Amino acid sequence: MSGQVKRHAFILGGTGAVGQQVLAQLLASEKFAKLHVPTRRPLELTHKKLIHYDFAEFYRPWKLEAQVNDFFYCFGSTQKKAGDAQKFRELELRVAHEALVVAKQMGARRFYLVSSRGVDPQSLSAYLRTKAEVEKVLKDHYFQAFYVYRPSLLIAPRTELRPAELVAQKTLAPLKSPLQRYLPNVAPVEAEQVARAMVLDALRGDEGYFVRENRQIIELASLVKKG
């Protein structure tokens, strides 16, 4: 894809920990001209690049006339929010299928999925089994480039913290730098680092199927100047 072509992107989960960071970086990038962002909560910003609409209108592929190049899938719920493990699975898979239809309808050629470290269809964790299913739903369809990001515990300011993330914020966050240096496979990672890795991959323009484990996310993020 030519570096001179202004690209259009779709960000699903633009108010989440990683989605907010992806949105901020794409707004700052001269390579992207328009950003389509459906959200449940109002966005606390306005920008000439930004095309915002309510999440309730997300699955209206017949109404989406715009074309996008890049689809950033940063959506993620929790079992607590969904109600239980089964409702969580149903929600995650429904949104994944809807996102796939929207991505295809809008002509997306490149897809970037935020998943989780440890995904496994045979995992004892319902969360990790579901995330493995989401990966399969999305990667089994052709895109010129498909990236999966599997971060460990995310460090990010949130109003609602999952138990494991609360532990990371309180105990592991102060140790982030040495842990990332010596234990990069399992070290906590900042949401901004995940976003930097995703945007770097988008700008590089490689084609194919790629899985970015926690170590690779940290390495890629280090190649991009923070801020």
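Overview of values
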read-out: Complete set of residues in the stretch 173-221 that are of a type in the set (Val, Ile, Thr) and either at pLDDT 95 or above or open to solvent by less than 40 Å² (accessible area, probe 1.4 Å) (or both); value: Val189, Val194, Val199, Val211, Ile217, Ile218
read-out: Residue satisfying condition, being open to solvent by 70 Å² or more (accessible area, probe 1.4 Å), touching a Leu at 6+ places or on another chain (Cβ under 8 Å) and at pLDDT below 90, within set Val167, Val224; value: Val167
read-out: Near pairs, Cβ below 7 angstrom, 6+ apart or cross-chain, from the stretch 18-34 (over 16 Å from Val68 (Cα atoms)) to any residue that is part of a loop (DSSP other than H, G, I, E, B) and at pLDDT below 95; value: Gly19/Gly13; Gln20/Gly14
read-out: Tally, over the stretch 59-94, of residues that are assigned to a loop (DSSP other than H, G, I, E, B), touching a helix residue (DSSP H, G or I) at 6+ places or on another chain (Cβ under 6 Å) and of a type in the set (S, T, N, Q); value: 1
read-out: Sole residue being of a type in the set (A, V, I, L, M) and in contact with a Gly (Cβ under 9 Å, 6 or more places away or on another chain), chosen from Val102, Val119, Val114; value: Val114
read-out: In the stretch 95-112, the residues that are in a helix (DSSP H, G or I) and open to solvent by 10 Å² or more (accessible area, probe 1.4 Å); value: His97, Glu98, Leu100, Val101, Lys104, Gln105
read-out: Lone unmet requirement of (1) open to solvent by 30 Å² or more (accessible area, probe 1.4 Å); (2) outside any helix (DSSP H, G or I); (3) among the hydrophobic types (A, V, I, L, M, F, W, C) for Ala56; value: (2)
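The values are calculated or read from the model by the stated rules, or taken from the named source; none is laboratory data. Just so it is clear, the model here is predicted, and its values are computed rather than measured. Here Cβ is always computed from backbone atoms with ideal geometry, including for glycine, and neighbour counts include all displayed protein chains. The area values use the complete protein model at the heavy-atom level, side chains included, leaving out ligands, DNA and RNA. Shrake-Rupley method; radii C 1.70, N 1.55, O 1.52, S 1.80 Å.
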